[in-house]
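Okay, so here's the structure we're looking at.
The values are calculated or read from the model by the stated rules, or taken from the named source; none is laboratory data. Worth saying up front: this structure is predicted, and the values here are computed from it rather than measured. With ideal geometry, Cβ positions are generated from the backbone for all residues, glycine too; neighbour counts draw on all protein chains shown. Ligands, DNA and RNA are stripped out before the accessible areas are found, and what is left, the full protein with its side chains, is counted by its heavy atoms. Shrake-Rupley method; radii C 1.70, N 1.55, O 1.52, S 1.80 Å.
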Amino acid sequence: MLDFLPQQIFQFDPLALFFLCVIFIVCLPSAIYSFGYLKGKYSSSKITLSWFLLVVFVLSMAAVVSVGNALIFLVAWEIMSLVSYFLVVFDTTHEKSIQAGMIYIIMTHIGTAFLVAAFLILYQQAHSFDFMAIKNACLVMPARTKDIVFLLLLAGFGTKAGIVPLHVWLPYAHPQAPSHISSIMSGVMIKTAIYGIIRFVIFLLGVNSSWWGILILILAVISCLAGIIYALMDRDIKRLLAYSSVENIGIILLGVGLAMLFISKRMPYLAVFSLIAGFYHLVNHAIFKGLLFLCAGSVYKATGTRDIEKLGGLIKKMPQTAVYFLLGAMAISALPPLNGFVSEWLTLQAFFLGAFNSTGGMKLFLGICAALLALTGGLAAACFVKGFGVSFLGLPRSHYAESAKEISLSMKLGMFFLSLLAVVFGLAASLIIKLLARVAGAAMNIDVSSMSFSLNNFTLSPQIGEGAYISAPLLGLWLIVLGAAGFAIYKLFGKRRRVYKTWDCGYYKLDARNEYTATAFSKPFRIAFSFFLLPYRKTQKIRESFYHVKSITYETYTTKVFKKYIYEPLLALVFRSAKSMRRLQPGSIHLYLGYIFVTLLLLVIFTR
Amino acid sequence: MEIIIIIAQLILFIVIAPLLSGLVSKLKNNIRMRKGQSIFQPYYNLIKLFSKEEVVSETASWIFKAAPFVVFSAMLTAATLIPVFIASPLHRMGDFLALIFIFALGRFFMALAALDTGSSFGGMGASREMFISSLVEPAFCLVVFSIFLQFGSTDISVFGAAHPVSVCSIVAAFALFMITLAETSRIPVDNQETHLELTMVHEAMALEYSGRSLALIELSAHIKQMILFFLIAQLVFPVNFCGFWILWYSARIMVIVIAVALVEVSVAKMRLFRVADFLGFAFVLAMIAVVCAVLGV
């Protein structure tokens, strides 16, 4: 009778353990960081509240990835969503927080609605919510039902992951939370959606048609490009990072989508390799995005602003934070020998190898996806040159930046830990890939004991036999040796050096107003991608006479196409239909009695 | 033994690379019926720069000071991956794809250094450089992809051995040629010869550098150019790497040098936003190379 009650509550398989590791890798430093971050910013009762919420949040995420029952999964999922809502609106004094929280809670519940629908279909098939029972039922499920469940799951988890066009809540909610929470939300929470896709679609449902993988690849490529282009345009440092999360989720999903494609094509080696690439980028993104959000929080705490146009020159005021931010920016731009480089290389290799083993049109498709990933990489580098360069280098652009001071020890500790991991995960790639191979194998029920993805403990090599290698430790060592050689050459030729003003074209005084701004930096991209960004500007001139303009205000905007062409019409439709529904409820008691009478009549007729 | 060959290769790159720039410049002038500077002018420039006093902006931080070394070491690391004397010097370190990322490392620091001095020229240069490079990367990736489809590996040593020239590699070489023009800041993308603030890209980034630092940056630019010339040459005129094929080496590099010089004198510099079209064309060419590879021609 009570067959929906769970047989097993927890299930600690390699997949769950991997995600638990990712959660704690980011949550621990963020928690340490929050000691310094919360102090002096909030009252003591609020700090207590934030600790309580943080603990519940972390535990609920841990529960999401380790339960073995769909019903309990859903409960944990809801707790996670609700607690994170309270954390988004933690700064209740800000008007923006409330608005962001509103968008977040609506979007996240739309997502959950899809999940509930998917789980009900699964329950109907399996007569149980236990993962094992569902897995067995999925073996005999008709293909049509599977397709529907897949699409529902994709919409549900896609909302949480921030896949374009379901990403709209992410750039509102993530920046608005306190920074250590932003780092957990962007670093870990959106990864639970990836966990959901892997657990439910790959592990339970089982991939049997190749269009699932292709659909995910297409969505992922769109997410990558849209995310990074928006990030490039943004001047709010935390929102920039939030958009970049959309991009990175895209890169992770490229690995996952490829894995699904190869499962359906019965290529186990490539499937495992692609999923490893996805997992590797997942943990890397958790590390460097966590780090970057903590750094952005330090900047926010030290200066009181998140607008990078008001920052500048922080490398002199906050030298340590600058180093951590630089490491994070290098890692996310996939520069060798840091961790982002390894995972992007793996993803590109997965595309190449996959194309090599496919035929005709699929080769072209995978090639184009790889090229667009490379474009994303180039744009990400530009975005983080902007993010780091404009806010940390040059001259301070406002008194906010001028009065900045280095932040407290506990905050530095949190950032130090994560930046250390960013280096370690780059250098120790061969060891980590062995662990990830086991996780990927367990997720897809593929025996990985005979597969090897590395030559030795220092060199990766995805192709068996003759093939491509990279060795991040060797690269790092060689870069340092040759850099030292360059330094030696430099030192060899004299020591004369003079410190003088920056060249000012003979103009009398160069100040921060002459510096290139973030908006100017992104201008070429705004023009090149104008078909997508639809930029427009407002210029207002106040004139004393025809010849003398007293002041000019110039504002430039980009159109958020998804918001304008999908969400606003949708919202308008909802409001319109709500308005027409209101006619049913005019306030007349007689009419209501009439409704009851009609209902009764209908019931009598239909339930005879 | 191997390490000696690698060091010899690096020294070769450092010594020969400026000569290629000198040759291009001399050729360009001769085509324009001018006498032109000596082909050794880049060496004189480097010697002059190395012996001069260096001026550092007071706004600059350690990024500005460290960038020349990062750029230099990135370019030399890339040069290590290229097969010259032996087929696979340190090929365990990185492959063709890693080359793209290593170039990105140098560029990233160069752009940061440009922003570091607070000069608006630097910002302009950094913005444009990142714009151009982000459009170069997909085309470059597709070129690598077409080569991968042909040879079944992204290892540069596989590509380094003698191989039959196919339609695919010729088309890929054309795409790579266009990429090279953009990456080495040549007309129609950029112009090495002017310091006109409206057009300069690479020069704008290096504007605040002087003395030894500038020498290192210029040397790195020469090395990068030599790497790219080499890759094109290897695509269209492949040789096997056993021994010193000095003459054949020089001859095939000379062909690229002449081609670059011819393009530079016969094409006008493009507006920055038309560069997107130029690189879009490179992308399409690379795509055609991939199609050729899929068709097996």
*Considering segment A:159-206 alone, what residues qualify as being of a type in the set (Phe, Trp, Tyr) and open to solvent by less than 10 Å² (accessible area, probe 1.4 Å)?*
A:TRP169, A:TYR195, A:PHE200
*Subset of segment A:541-599 (residues that are open to solvent by less than 80 Å² (accessible area, probe 1.4 Å), of a type in the set (A, V, I, L, M) and within 21 Å of A:ILE110 (Cα to Cα))*: A:VAL561, A:ILE566, A:ALA572, A:ALA578
*Does A:ILE32 satisfy the criteria of being at negative phi, open to solvent by 50 Å² or more (accessible area, probe 1.4 Å), in contact (Cβ under 8 Å) with a residue 60 or more places away in the chain and not assigned by TED's automatic domain parsing to the domain that holds A:LEU153?*
no
*Go through segment B:181-296 and tell me which helices (runs of 4 or more DSSP H), entirely inside it, have 1 or more residues that are more than 14 Å from chain A (Cβ to nearest Cβ) and farther than 29 Å from A:GLY389 by Cβ.*
B:211-236, B:246-266, B:275-295
*Flag if A:GLY387 is within 14 Å of chain B (Cβ to nearest Cβ), part of a helix (DSSP H, G or I), closer than 15 Å to A:LEU311 by Cβ and not aliphatic (A, V, I, L, M)*: yes
*If you check A:SER522, A:SER545, which single one turns out to be in contact with a helix residue (DSSP H, G or I) (Cβ under 6 Å, 6 or more places away or on another chain) and more than 7 Å from chain B (Cβ to nearest Cβ)?*
A:SER522
*For A:ILE480: the one exception among (1) under 35 Å from the mean Cα position of the chain (by Cα); (2) farther than 30 Å from A:TYR565 by Cα; (3) more than 8 Å from every other protein chain (Cβ to nearest Cβ); (4) open to solvent by 50 Å² or more (accessible area, probe 1.4 Å)*: (3)
*Determine, yes or no, whether A:SER403 is among the small types (Gly, Ala, Ser), over 30 Å from A:ALA271 (Cα atoms) and more than 8 Å from chain B (Cβ to nearest Cβ).*
yes
*Which one of B:SER21, B:SER73, B:SER25 is away from every other protein chain (no Cβ under 12 Å), surrounded by 17 or more Cβ atoms within 10 Å (Cβ to Cβ), touching a Gly at 6+ places or on another chain (Cβ under 9 Å) and in a helix (DSSP H, G or I)?*
B:SER25
_Just to be sure I understand, how many residues within segment B:207-237 are under 16 Å from the mean Cα position of the chain (by Cα) and over 22 Å from B:MET178 (Cα atoms)?_
2
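Is it the case that A:PHE487 is aromatic (Phe, Trp, Tyr), in contact with a Phe, Trp or Tyr (Cβ under 9 Å, 6 or more places away or on another chain), outside any loop (DSSP other than H, G, I, E, B) and surrounded by fewer than 19 Cβ atoms within 10 Å (Cβ to Cβ)? Talk me through it step by step, then tell me what you get.
Numbers: aromatic (Phe, Trp, Tyr): yes; in contact with a Phe, Trp or Tyr (Cβ under 9 Å, 6 or more places away or on another chain): yes; outside any loop (DSSP other than H, G, I, E, B): yes; surrounded by fewer than 19 Cβ atoms within 10 Å (Cβ to Cβ): yes.
Yes, satisfied.
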*Would you point out which residue out of A:PHE575, A:PHE531, A:PHE525 is in a helix (DSSP H, G or I) and in contact (Cβ under 8 Å) with a residue 40 or more places away in the chain?*
A:PHE525
*Quick one: A:ALA404 ticks every box in (1) assigned to a loop (DSSP other than H, G, I, E, B); (2) out of contact with any Ser or Thr (no Cβ under 6 Å at 6 or more places or on another chain) bar one, so which box is it?*
(2)
*Just one of A:MET318, A:MET330 is in contact with an Asp or Glu (Cβ under 8 Å, 6 or more places away or on another chain) and either open to solvent by 10 Å² or more (accessible area, probe 1.4 Å) or over 30 Å from A:MET61 (Cα atoms) (or both); which is it?*
A:MET318
*asked:* Tell me which helices (runs of 4 or more DSSP H) are completely within segment A:253-333 and hold 1 or more residues being within 14 Å of another protein chain (Cβ to nearest Cβ) and closer than 26 Å to A:ARG397 by Cα, or say none if there are none.
replied: A:314-317, A:319-332
